[in-house]
Amino acid sequence: MPQYDKADIERRMGGAVESLKGDLGGLRTGRANTSLLDPVVCEVYGAMMPLSQVATVSAPEPRMLSVQVWDKANVAAVEKGITKANLGLNPMTDGQTVRLPMPDLNEERRKELAKLAGEYGEKAKIAIRNVRRDANESLKADEKAKDISEDERKRLEDEVQKLTDSHVADTDAAVEKKIQEILTQ
């Protein structure tokens, strides 16, 4: 029974690219982006909960995030959670709304963020290459088990390499776009 599964390989490589895009979305540029607050957790009702489960986050202006806390009793906990997340944001409370103005990025911080984006990209590429390695190993196992011929293995390895190249190109494009965004905003 052959082990090679092209759909699974595409899904896993695509997952690495999507994970990268999520990581890049969390990098702060000068613009307000609601995904910036995704890692924030707050201690409410005696448990640690993601911010998205206790409030609605929106970006009403290009340089302002607004957090509408659902339960007035949790406003202080949300404010504390945002401060603890160490995102460089200064929460200002107005009733049940917490406003977060986006401070300007200095040149040094922009370079740090650009470097971090590159590191995220490299991790995604490593994940994609690991999927390629697994696929090639399963193809060799299939050939050894006489499920496929040597020619078929080589053809499928070329197919896997094309998938790898495509996903690495997607990764590079996403990282380059984010770096441009960081350096120009």
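What Kirkwood Rh does the chain have if only Cα atoms enter the pairwise 1/r average? Answer in Å.
Its Kirkwood hydrodynamic radius stands at 19.1 Å.
Kindly express, to the nearest 10 degrees and within the range 0 to 90, the angle between helix 107-144's C-alpha long axis and the longest C-alpha principal axis of the chain.
Once rounded, the angle reads 30 degrees.
May I ask you to give the percent of accessible area on the chain that is carbon plus sulfur, with a probe radius of 1.4 Å?
Ligands and nucleic acids excluded, carbon and sulfur reach 49 percent.
Sort Ser138, Ser166 from largest to smallest accessible area, using a 1.4 Å probe on the heavy atoms of the protein chains.
Putting Ser138, Ser166 in descending order of accessible area: Ser166, Ser138.
Averaging sequence separations of C-alpha pairs under 8 Å and six or more residues apart, then dividing by the length of the stretch 124-185, give the relative contact order as a whole percent.
Relative contact order here is 41 percent.
If I model the stretch 34-101 as equal point scatterers sitting on the Cα atoms and use the Debye formula, what is log10 I(q)/I(0) at q = 0.27, 0.29 Å⁻¹?
Log10 I(q)/I(0), no solvent term: -1.34, -1.57.
Helix 150-184 against the longest principal axis of the chain: what's the angle in degrees, Cα atoms only, rounded to the nearest 10?
With rounding to tens, the tilt is 20 degrees.
Helix 75-84 versus the longest principal axis of the chain: what angle, 0 to 90°, nearest 10, using Cα atoms?
Value to nearest ten degrees: 50.
Over the chain, what is the mean sequence separation of C-alpha contacts under 8 Å (at least six apart), divided by residue count, expressed as relative contact order in percent?
Normalised by residue count, the contact order of the chain is 28 percent.
Under a 1.4 Å probe, what is the accessible area of the chain per residue, stated in Å²?
For the chain, the per-residue accessible area is 57 Å².
Could you run the Karplus curve 6.51 cos²θ - 1.76 cosθ + 1.60 with θ = phi - 60° over the stretch 10-20 and give me ³J(HN,Hα) per residue in whole Hz, x for Gly and Pro?
4, 4, 5, 5, x, x, 5, 5, 5, 4, 4
Under 20 Å from a label point 7 Å along Cα→Cβ of Arg11: give me every residue in the stretch 119-150 with its amide N that close.
Backbone N within reach: 127-139.
May I ask you to rank Met48, Met102 by accessible area, largest first, using a 1.4 Å probe over the protein chains only?
Met48, Met102
Just read off the accessible area of Arg99 with the full protein assembly in place, 1.4 Å probe, to the nearest 10 Å².
Rounded to the nearest 10, that gives 90 Å².
What percent does the relative contact order of the stretch 45-97 come to when contacts are Cα pairs within less than 8 Å and at least six residues apart?
This gives 29 percent for the stretch 45-97.
Which of Lys123/Lys177; Lys84/Lys115; Lys154/Lys178; Lys6/Lys177; Lys80/Lys115; Lys84/Lys177 have a Cα-Cα distance over 26 Å?
In this structure, Lys154/Lys178; Lys6/Lys177; Lys80/Lys115; Lys84/Lys177 lie more than 26 Å apart at Cα.
The values are calculated or read from the model by the stated rules, or taken from the named source; none is laboratory data. Every value quoted in this text rests on a predicted model; they were computed, and no experiment measured them. Here the Cβ is made from the backbone with ideal geometry for all residues, glycine too, and neighbour counts use every protein chain on show. Calculation scope for accessible area: heavy atoms of the full protein, side chains included, ligands and nucleic acids excluded. Shrake-Rupley method; radii C 1.70, N 1.55, O 1.52, S 1.80 Å.
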